[in-house]
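Worksheet: the structure to be examined is printed underneath.
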Amino acid sequence: MEKYAHIEKEDPEVFGAIVGEEKRQAEGLELIPSENYVSSAVREAMASGLTNKYSEGYPGKRYYGGQEFTDSVENIARDRAKELFHAYAANVQPLGGANANIAAYMALCAPGDTILGMDLSHGGHLTHGHPVTYISKVFNFVRYSMKDVETGEIDYDALLETAKKERPKIILAGFSAYPRTLDWKRLSDIAREVDAYSVADVAHIAGLIAGGAATSPFDYGFDVMTTTTHKTLRGPRGGMILTNGGGDAERAADIAKKVDKAVFPGLQGGPHMHQIAAKAISFKEALQPSFKTYAKNIVENAAAMAEVFKASGARLLTGGTDNHLILADVWSSFGISGAEAETLLDNAGMTLNKNSIANDTRGPMDPSGIRFGTPAMTTRGFGTEASKEVASLMLNVLKNRDEASVAAARARVHELAAAHPIPESFV
Ligand code: DSN
């Protein structure tokens, strides 16, 4: 049967949008560092009959009957997540990364308590307490930032002083636009010193941690990791909370209990069991030796792209990358805004996102920077040479900005995309 035959027959409008989007994903290059392609097995699970089931509660303790298969799926997902991240406990029910973060705050803080997190414009995330979020009205967020935006260095001494003064309940580490490695040991030590919980939001780098291409906060005494399951981890859209209690089983058990209560009934209703099945499958995939190669290649490809940008004289925030993402200041480098760069590159078949940079003089809807990365390209089999060529194509468009340059880049992007098709087991 044709793919999506039922949708085509029943709802041609939605069918058209799905087919259009899949064609866009196949013909262009996805450079948004939080995006990826999931395997066919993960997609099948998401479309399975598990979507019909309500399963409030946890395996063995549900509020509805008929749970023999959902219990099995959730237990498999939890066990694999624990194995993958060397965690004491895993809650696989969060519907996304934002929910996972909010549930972690609810588990470990009372309303009004202080959370010390990274500033959004220095690489943090909206859910780390940006004033536009509702959660920033519930907890008292205090922010830390980079000391030197050219190297990405965090001022850990200043962070310790702030922590001593503010007495946070949580030291929150992690990012959505920071290209460097954080000093997990220093951060967890600071948390201990001020009697706070240490929570790392590893949404962006979970796949790198799972594949051994990035260090794990759990190896340096962190209590909790929150994450999305898509992005570098290459699973379905969703979230997860992992608990390790700094390696202390009793502390971990206490935190895990609080986390479970915060997720349900504290924050969410029925878990999405089809997504949990898909998470379980993606964790199995990430446990395979080939995932280690994948994670290593993501980092190598990003480093190769960063080198091309740097060699051209473009300004990269933090001076380069240690992970899967790159943040370039296109305003000072090319005299165009992030939004203009995003549109130009989109027209050339390379999709990325405008992004605020540290100390940005421009607004968030038209900032000075762009953010791009390699997880999706690497799934398509791009190596360092092809990644460098993509970086050169981007630079050509950003420097010249005329119709001919955009058209030439687009034509070459289509060739590169055709030469690196989305693998058959991923469509
Ligand atoms: N939207 C995700 C990202 O692009 O980083 C995280 O919120």
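Before moving on, here are some points about what is shown:
- Farthest toward the positive end of the dipole of the chain, out of VAL413, GLY383, ALA286, is the Cα of ALA286, where the dipole comes from beta carbon charges about the Cα centre.
- Charged-residue dipole, Cβ positions (Lys, Arg, Asp, Glu), the chain about Cα centre, Debye nearest 20: 500
- Footprinting exposure proxy for ASP119, ASP195 (fewest neighbouring C-beta atoms within 10 Å first): ASP195, ASP119
- A protection proxy built from the mean count of other Cβ atoms within 10 Å ranks the segments 288-294, 353-359, 90-96, most packed first, as 90-96, 353-359, 288-294.
- One chain, two ends: ASP113 and LEU287. Fully extended at 0.36 nm per residue, the span grows by 58.9 nm beyond their Cα-Cα distance.
- Value of relative contact order over the stretch 191-252, rounded to a whole percent, pairs C-alpha under 8 Å and six or more apart: 31
- 18 Å cut-off, amide nitrogen to a point 7 angstrom out along LYS165 Cα→Cβ, residues in the stretch 189-211: 190-191, 194-195
- Scanning residues 5 or more positions from ASN140 or on other chains, those with amide H under 5 Å from its amide H are GLY112, ASP113, THR114, ILE115, with H placed 1.01 Å from N in the peptide plane.
- Packing-based exposure ordering (other Cβ within 10 Å, fewest first) of TYR144, TYR54: TYR54, TYR144
- For the stretch 163-170, Karplus couplings with θ = phi - 60° (6.51, -1.76, 1.60), whole Hz, Gly/Pro x: 4, 5, 6, 8, 6, x, 7, 10
- Paramagnetic reach from ARG251 (point 7 Å along Cα→Cβ, amide N under 14 Å) across the stretch 78-113: 88
- For the chain: Kirkwood Rh in Å [reciprocal of mean 1/r, alpha carbons]: 22.2
- Annotation: amide H of ASP11 has no partner in the under-5 Å range at sequence separation 5 or more or interchain, hydrogens built in the peptide plane.
- Spin-label zone in the stretch 265-291 - amide nitrogen under 13 Å from a point set 7 Å from the Cα of TYR63 along the C-beta vector: 265-271
- Under-5 Å amide H pairs with ALA196, H placed in peptide plane, nonlocal only: none
- A dipole drawn for the stretch 162-230 from +1 and -1 charges on Cβ atoms has a positive end, and of TYR178, VAL194, ALA206 the residue lying farthest that way is VAL194.
- Residue by residue, the stretch 97-112 carries 3J(HN,Hα) couplings of x, 4, 4, 4, 5, 4, 4, 5, 5, 4, 5, 10, 10, 9, x, x Hz when phi is fed to the Karplus relation 6.51 cos²θ - 1.76 cosθ + 1.60 (θ = phi - 60°); x denotes Gly or Pro.
- The label point for SER136 and the one for ASP402, both projected 7 Å from the Cα toward the Cβ, are 4.4 nm apart.
Read-outs: derived from the displayed coordinates by stated rules, not from any lab. Source: prediction; values computed, not measured. Methodologically, a virtual Cβ is constructed for each residue, glycine included, from the backbone with ideal geometry; neighbour enumeration extends over all protein chains shown.
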